[in-house]
1. So in region 67-101, with the set limited to residues that are within 16 Å of residue 49 (Cα to Cα) and surrounded by fewer than 19 Cβ atoms within 10 Å (Cβ to Cβ), which one is nearest to the chain's Cα centre (by Cα)?
2. Would you check if there is a residue in region 22-31 being touching a strand residue (DSSP E or B) at 6+ places or on another chain (Cβ under 6 Å), at pLDDT 90 or above, under 19 Å from residue 93 (Cα atoms) and not in a loop (DSSP other than H, G, I, E, B)?
3. Among the residues of region 155-171 satisfying the criterion of being part of a helix (DSSP H, G or I) and without any contact (Cβ under 8 Å) to a residue 60 or more places away in the chain, which is surrounded by the fewest Cβ atoms within 10 Å (Cβ to Cβ)?
4. Sort out which residues of region 96-154 are in a helix (DSSP H, G or I) and either in contact (Cβ under 8 Å) with a residue 60 or more places away in the chain or within 17 Å of residue 30 (Cα to Cα) (or both), and write them in order of number.
5. It is to be established whether one or more residues within region 133-144 are modelled with pLDDT under 95, out of contact with any strand residue (DSSP E or B) (no Cβ under 7 Å at 6 or more places or on another chain) and surrounded by 16 or more Cβ atoms within 10 Å (Cβ to Cβ).
6. Being crowded, with 19+ Cβ neighbours inside 10 Å and at pLDDT 95 or above is true for just one of 10, 47, 60, 104. Which residue is that?
7. Every residue in region 39-69 that is within 17 Å of residue 92 (Cα to Cα), touching a residue at least 24 places away in the same chain (Cβ under 8 Å) and assigned to a loop (DSSP other than H, G, I, E, B), please.
8. If I ask for residues that are crowded, with 21+ Cβ neighbours inside 10 Å and on the phi > 0 side of the Ramachandran plot, which ones from region 112-132 would you list?
């Protein structure tokens, strides 16, 4: 008999109205210490990201709203990369092939921004941030402070995110 985990509706439908998710309490607070590994084996940590503006996108290969957000993540990464901005696709909640899922998905979809493997580091960070729905996006400033939190995605968020990224890059 197969067991199924209960998944919050925001995970399934990418609800962006849920300002009461616990992750929103982290806005304007320092990003917790973390250790992730990208699909090429490079380590990424809070310390290595200090001085950079970056966006962390928590996602999974089975999540439709996560995949719908990825063209926007690619576009934002491409637009602001020369100014030191970076998107990190932090793979979480995979049921199988945890370490290979992100790399295989990135390759098949043709994305070029940074994807991290579903390691205990990714899961630990998601847990410490009390992430309950995906996609969840965190925009972090040069000092390592979370300046924006967004649960869920719609194409209307692209312009809003771009404006916030530009503000952080100028500031």
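The values are calculated or read from the model by the stated rules, or taken from the named source; none is laboratory data. Computed from a predicted structure; not experimentally measured. No Cβ is skipped: glycine too gets one built from the backbone with ideal geometry, and neighbour counts run over all protein chains shown.
1. 86
2. yes
3. Looking only at region 155-171, we keep the residues that are part of a helix (DSSP H, G or I), and these are 157-170.
Now drop any that are not without any contact (Cβ under 8 Å) to a residue 60 or more places away in the chain, which leaves 159-160, 163-164, 167, 170.
Details: 159: 10, 160: 11, 163: 10, 164: 17, 167: 14, 170: 8.
If we take residues in region 155-171 being part of a helix (DSSP H, G or I) and without any contact (Cβ under 8 Å) to a residue 60 or more places away in the chain, then 170 is surrounded by the fewest Cβ atoms within 10 Å (Cβ to Cβ).
4. Of all residues in region 96-154, those in a helix (DSSP H, G or I) come to 98-109, 120-128.
Of everything in region 96-154, those that are in a helix (DSSP H, G or I) and either in contact (Cβ under 8 Å) with a residue 60 or more places away in the chain or within 17 Å of residue 30 (Cα to Cα) (or both) turn out to be 102, 103, 106, 121, 122, 124, 125, 126, 127, 128.
5. There is no residue in region 133-144 that is modelled with pLDDT under 95, out of contact with any strand residue (DSSP E or B) (no Cβ under 7 Å at 6 or more places or on another chain) and surrounded by 16 or more Cβ atoms within 10 Å (Cβ to Cβ).
6. 60
7. Across region 39-69, the qualifying residues are 39, 60, 61, 62, 63.
8. none
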